[in-house]
Amino acid sequence: FRETSNESEDSKLRLATCQSLWNQIKLETERIQEDLNKQLFDNLVCFLSRSHFEFQEKTAKWTCKMKSREIPAAALVLGVNVTDHDLTLKSVSEVLQNNVTPYIALLEAKGCPDIKSLMQKLMGQLMNCHIDVGSLEDGDCVQVSQNRIHCSMTSLISWYKSVTKKTDSKTPNKKRTSSSRLWLSPPVVVIFKDMESFTTKVLQDFIVISSQHIHEFPLVLVFGIATSPMIIHSLLPYSVSSLLCIELFQSLSCKEHLSTIIDKLLLTTQFPFKLGEKALQVLINIFLYHDFSVQNFIKGFQLCMVEHFYSEPLSVLCCQLEEAKKRITSLSHDQCENIRKLPSFRRYVERQVSEKQIALLTEDSVLKESVQKLLEDLDAYHENYISVLRCLHVFTSSLPKFPLGKQIRELHCACLENQVWETEEYESSLQLARMLNKSDLVTMLQQCVEIFVSSSGNEFDKTVEKLKEFLTQFQKLEEAFQEQDVSVSSQKELQKKTDLYHLQKTLLELKESRRSKKLTKFEMLRFEVVDYIDSLVRRYLVPADHKTLHEIVYFNTASVLRGHLNAAPRIALHTALNNPYCYLKNQALKCDGGSISNKAPDICIAYKLHLECGRLINLVDWLEAFSTVVMSVEGPNADAASSDQVDDVIHARFIRAVSELELLGFIKPSKQKTDHVARLTWGGC
């Protein structure tokens, strides 16, 4: 991308636009994640402050804990999206450092295989220095039964007392938080980032040792848990878990987190870049069926944006509307020709009269004026689309069985894919909406009024008046209790019988009963409300690919995205070894499909030769074939060195190539014959 950006001013501008837009999106995602985790962080700060306050004031509750040697512990359930845990726990650490204590250590299981390593990591992070392993020799760290402790804990306590004493002697006006007490004896917080990965013995030893000294310094443990809080009792026996005073904290569900990210990044006019249905579905499928990682979803979104600005020359107009209008006036003739080649613009031209068609295809000035108007229409389409989509979601999310999905992202994908009003799920939703009771309808209409009032444009002024008129009619409406009971009972019946057979049966019965019965005023008004919402959907929820110039702001190349995100290591490895030109772009490596280039890397030559062999490969024959190919590159100039020296060099190169193939898993030594190797891979990629 950066190499391309040096070729022209246009590509430089695209790069700058992409970087600026991504910086805005990155700041917004960080703000969103901070808001989503605010409640969790506040609860943790409250818990740690309360634990510290009890130690500082020497309350009766803390005295009781000291007698029982209980350590305050926070069980932080983060969910199965393990790849997001690192960022979350780093944020936890920063919040605690800013509000509670500067003494925080984050420990990972891979760096703590035993108690000695754990103490080394812990003291190194707390003291902010390197601890020599030799200083923790067995003579200095005596480990015996549960009633005895490591001597290294004594040094940690001595360090803590000296540090807090120095802090006390300093000016009392120096604070980290609003409470000056937190500077007197701030707690030591130890965060176990992946508790499930720690060995049982390491956790047991550390907790037992710490419990012996809990009366000397305020220690608080935080366990990062991916599965269930029960893992604490699975890893620790009762004699150890009873030494912990555990409080449970639950982070936000990763699905709710993703829905919020999509809502704030995609369903907004703040950012001009949009994802098409296919690309969005690829990212959502990877999230749902692979890792549940919100961070990976954001990285995929960034990849889509980079790919869009790299591959689409007109992405220079993918910016805020006012800035796009300024850039349109300076478009070159080649850029105007690129606009004329867009499929959506060609369809737009075909709908114009012949004189307008000629002007659009031949005059750049006329084209630029039309492009400005079309981009204004596209911007207005996004504003209207988002408002009506939220209104429709208010109705569909409250229906039984959720025909169009419970989450707004599911409804958004359905609207992007095709004309949603032509789907069976939409028809089912309308039928169910026509059986809603009065209280539900009034609540939904009030929510829709709030959505349209908060819309930035004036497009929905008449819509708001119409919805308020419906609310007024509902307020004035007085029906007999029997008629209301029929509607309520039918709704309750639908909620009870949620299987498809009974649902269809009930709908048919209600449909037949309406034919033989005169509709009440409430039912007529209810039908009118649903029909009005349906008219809004048909008018504003047109798929994005039906709009002119959607290619400028939408990325929808799912195949490219899959190629980047869905790794196929065997295919990539086979391509690299079989055709190194594909990656190295060296003209000397170009060759026909069946030939072997003598200028290719040694491992590529050995690999292509091994493809011609059977289950067992004779190393001598393989070496001779390798030598034949390699020597052909030397030609008559090979006389510069003796044949013995050449043979030794070729032999060494062959051994290295074979070793690399064995490391990659293509061959292995054979026990049947000592001078043979067994081939492990078969078939094409």
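The values are calculated or read from the model by the stated rules, or taken from the named source; none is laboratory data. Keep in mind it's a predicted model, so treat the numbers as computed, not measured. No Cβ is skipped: glycine too gets one built from the backbone with ideal geometry, and neighbour counts run over all protein chains shown. The area values use the complete protein model at the heavy-atom level, side chains included, leaving out ligands, DNA and RNA. Shrake-Rupley method; radii C 1.70, N 1.55, O 1.52, S 1.80 Å.
The table below gives the values:
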| quantity | calculated |
| --- | --- |
| Helices (runs of 4 or more DSSP H) enclosed by the range 265-381 - at least 3 residues per element that are of a type in the set (Phe, Trp, Tyr) | 294-311 |
| When residues of the range 600-626 are limited to those that are part of a loop (DSSP other than H, G, I, E, B) and under 43 Å from the mean Cα position of the chain (by Cα), the one farthest from residue 665 (Cα to Cα) | 600 |
| Some residue of the range 444-452 being in a loop (DSSP other than H, G, I, E, B) and either modelled with pLDDT of 90 or more or in contact with a strand residue (DSSP E or B) (Cβ under 8 Å, 6 or more places away or on another chain) (or both) | no |
| Residue list for the range 359-370, filter: closer than 16 Å to residue 344 by Cα and either hydroxyl-bearing (Ser, Thr, Tyr) or open to solvent by less than 30 Å² (accessible area, probe 1.4 Å) (or both) | 360, 367, 370 |
| Cβ-Cβ under 7 Å pairs, at least 6 apart or on other chains, the range 657-679 side in contact (Cβ under 8 Å) with a residue 60 or more places away in the chain, far side in a loop (DSSP other than H, G, I, E, B) and hydrophobic (A, V, I, L, M, F, W, C) | 679/613 |
| Close pairs from the range 439-467: first closer than 18 Å to residue 268 by Cβ and of a type in the set (Phe, Trp, Tyr), partner outside any helix (DSSP H, G or I) and open to solvent by 30 Å² or more (accessible area, probe 1.4 Å), Cβ under 9 Å, at least 6 apart | 452/459 |
| Residue satisfying condition, being farther than 29 Å from residue 548 by Cα and hydroxyl-bearing (Ser, Thr, Tyr), within set 370, 387, 439 | 439 |
| Those residues of the range 90-107 which are surrounded by fewer than 16 Cβ atoms within 10 Å (Cβ to Cβ) and either touching a Ser or Thr at 6+ places or on another chain (Cβ under 8 Å) or not assigned by the TED database to the domain that holds residue 225 (or both), in sequence order | 98 |
| Residue within the range 570-579 that is aliphatic (A, V, I, L, M) and farther than 24 Å from residue 680 by Cα present | no |
| Every residue from the range 657-679 that is of a type in the set (D, E, K, R) and at positive phi | none |
| Count - residues of the range 202-238 that are surrounded by fewer than 20 Cβ atoms within 10 Å (Cβ to Cβ) and of a type in the set (Ser, Thr, Tyr) | 4 |
| Flag for residue 29 being within 30 Å of residue 295 (Cα to Cα), in a helix (DSSP H, G or I) and either modelled with pLDDT under 85 or not hydrophobic (A, V, I, L, M, F, W, C) (or both) | yes |
| Residue within the range 183-193 that is open to solvent by 10 Å² or more (accessible area, probe 1.4 Å), at pLDDT 90 or above and assigned by the TED database to the domain that holds residue 96 present | yes |
| Residues of the range 239-283 that turn out to be touching a Cys at 6+ places or on another chain (Cβ under 7 Å), buried (at least 20 other Cβ atoms within 10 Å of the Cβ) and within 27 Å of residue 82 (Cβ to Cβ), as a count | 3 |
| Members of the range 382-407 that are assigned to a helix (DSSP H, G or I) and hydrophobic (A, V, I, L, M, F, W, C) | 386, 388, 389, 391, 392, 394, 395 |
| The range 347-358: number of residues that are exposed (fewer than 13 other Cβ atoms within 10 Å of the Cβ) and either in contact with a Lys or Arg (Cβ under 9 Å, 6 or more places away or on another chain) or of a type outside the set (Gly, Ala, Ser) (or both) | 5 |
| Residue 636 vs. criteria surrounded by fewer than 15 Cβ atoms within 10 Å (Cβ to Cβ), at pLDDT 90 or above and not small (Gly, Ala, Ser) | no |
| Residue within the range 409-416 that is under 22 Å from residue 556 (Cα atoms), within 32 Å of the chain's Cα centre (by Cα), open to solvent by 40 Å² or more (accessible area, probe 1.4 Å) and not aliphatic (A, V, I, L, M) present | yes |
| Whichever residue in the range 202-235 is farther than 25 Å from residue 88 by Cα and without any contact (Cβ under 8 Å) to a residue 60 or more places away in the chain and, among such residues, is farthest from the chain's Cα centre (by Cα) | 216 |
| When residues of the range 417-428 are limited to those that are of a type outside the set (D, E, K, R) and assigned to a helix (DSSP H, G or I), the one surrounded by the fewest Cβ atoms within 10 Å (Cβ to Cβ) | 421 |
| Residue 298, sole failed condition from (1) surrounded by 14 or more Cβ atoms within 10 Å (Cβ to Cβ); (2) without any contact (Cβ under 8 Å) to a residue 40 or more places away in the chain; (3) among the β-branched types (Val, Ile, Thr) | (2) |
